[in-house]
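Structure, as structure tokens:
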Amino acid sequence: MPLKNRSLNFLFFAGIVVLGGPAWGAAGERLVEVYCAGCHVQADGSLSRIEDQRKTPEGWEMTINRMRITHGLSLQHETMSQGEVLGAMVKYLADTRGLAPSETTSLRYVLEQDGNVVEQFPQEFAEMCGRCHSSARVALQRRTREEWDRTVDFHLGQWPSTEYSLYGRDRPWLKIARENIVPALAVDYPLETDAWAEWQAADKSSPAGEWVISGHVPGEGDFSAVMSVSPLSDRPDRFSVEMNGHYADGSVMFGEGSAILYTGFEWRATVNVGETTFNQTFALTSDGQALQGRMYQKDQVLVGARVKAIKQNERVALLSVYPRSLPIGETTRLTVSGFGLGLAEITIADANVEVIDAQDSSRVIVDVTPIDGASVGYRSVSLAGEEQTQAIAFYESVDELAVEPSYGIARIGGNGGGTPKVETVFRARGKSWERISNLGRQTILIWGISMP
């Protein structure tokens, strides 16, 4: 039976899944059974191939959309939109067949849409897999040995020219894939791992609460804000998000939107800040006390900010200090962000600190003057026993300028044409030299400016 017809035959049964409350938590599992079982169910009731894989939320969404595009899967439903059906299925699959935090750590640049990254993978693997898509796309999956072998078959069936294109025509591509790549993938990226078993058994933290978030938006500058996260009453996996803060120049930063948490740690949100829509891709720490990742423009993913956030509790905590460089002998106004900042004195070695505004416990403005004779180098910021090491740099002069990255990905487009433009971001970095002996020196970063 064609798949597109099968999905309609199951429509009646799918209609019993309703929105809201505890029923929504079971919706994803039931929908996967309804829309996938026609082609993937086995004699024992398990779902072939699906149960032999683990992927990120984005990986599962790509898989379901490929079923729609290539095999005609229809997600029509009596009480849910196609987007709601897709979302519920992705949520269930990512929660039950996802990746553990430690399995994504070194590969988050792909999830965070950071395209200006040069991947580092073994040459043979990169040539066999990474020539058509990022190598990280493969490394962010886990499969059985048999399922990795089927993936080779899928590529040849879906794209028959794979074996003869680029690095395929000068070598026995299929032989290498079968004998070298598949065994290596089965060892390096197996379905069953201790990390995943431990993460499944671990207690998961809710992101609901008050957060302080800090970062640098290209073209706008450094910012810090309080981010309020509240669970929706009828969707415990969804959250409303509101950001209230300031940029370094004192202008107001306000944003609001919504978020979802996958696999107990994968934070995905869309927040409207002024006239700009940002996507947030963060990872929640296992203790639920910190978020870290990237916030980027929805329509220009390379234009964004690397951000970090900490959750409010009873402790005093430092999150960020900006600007991050101070000329020796001059006074610079700094913004310190965190929690409980009005409860204790902020100190910086070899500098005089004067509090200018401490009305907000999450944001304090101070004037800092490095004392005459202070040495060039990094300094820590301390508050009530909390210390942020190398938070700022003292300098006397700008000795070196650099632009990073050395090249960027961009595309000329727009202007009424069918191809949209793609912007990129370059960062100008000023550096100062700290003499560490008569024979040597080390370079310290004293400031950076990002512009799209």
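Would you tally the residues in region 139-161 being closer than 17 Å to T104 by Cα and without any contact (Cβ under 8 Å) to a residue 12 or more places away in the chain?
0
Taking region 123-148 as the range and being assigned to a loop (DSSP other than H, G, I, E, B) and modelled with pLDDT of 95 or more as the test, the residues that pass are L140, T144. Report yes if some residue within region 247-256 is on the phi < 0 side of the Ramachandran plot, buried (at least 18 other Cβ atoms within 10 Å of the Cβ) and touching a residue at least 40 places away in the same chain (Cβ under 8 Å); otherwise report no. The answer is no; no qualifying residue exists. Close contacts from region 377-388, counting a first residue that is touching a residue at least 60 places away in the same chain (Cβ under 8 Å) and a second that is assigned to a strand (DSSP E or B) and among the polar types (S, T, N, Q), with Cβ to Cβ under 7 Å and a gap of 6+ residues or different chains, come to Y378/Q390; V381/Q388; E387/S380; Q388/S380. Only residues that are in contact (Cβ under 8 Å) with a residue 24 or more places away in the chain, surrounded by fewer than 20 Cβ atoms within 10 Å (Cβ to Cβ) and more than 15 Å from E33 (Cα to Cα) were counted in region 72-100, giving 4.
With the condition kept exactly as written, say whether any residue in region 420-438 is more than 19 Å from G219 (Cα to Cα) and at pLDDT 85 or above. Looking through region 420-438, at least one residue is more than 19 Å from G219 (Cα to Cα) and at pLDDT 85 or above. Across region 106-138, the qualifying residues are those that are touching a residue at least 12 places away in the same chain (Cβ under 8 Å) and of a type in the set (V, I, T), and the one among them that is farthest from V307 (Cα to Cα) is V138.
Considering each residue of region 375-395 in turn, at least one proves to be over 29 Å from V226 (Cβ atoms), assigned to a loop (DSSP other than H, G, I, E, B), at pLDDT 85 or above and in the same structural domain as G340 (by TED's automatic domain parsing). Anything in region 46-62 that is surrounded by fewer than 19 Cβ atoms within 10 Å (Cβ to Cβ) and among the polar types (S, T, N, Q)? List them, or say none. Matches in region 46-62: S46, S48. When both residues are 6+ apart or on different chains and their Cβ atoms are under 8 Å apart, which pairs have a first residue that lies in region 46-61 and is on the phi < 0 side of the Ramachandran plot, and a second that is part of a helix (DSSP H, G or I) and polar (S, T, N, Q)? What qualifies is K55/T63; T56/T104.
The values are calculated or read from the model by the stated rules, or taken from the named source; none is laboratory data. Just so we're clear, the structure is a prediction, and the values are computed from it rather than from any experiment. Ideal geometry is used to build each Cβ from the backbone, glycine not excepted, and the neighbour counts take in all protein chains shown.
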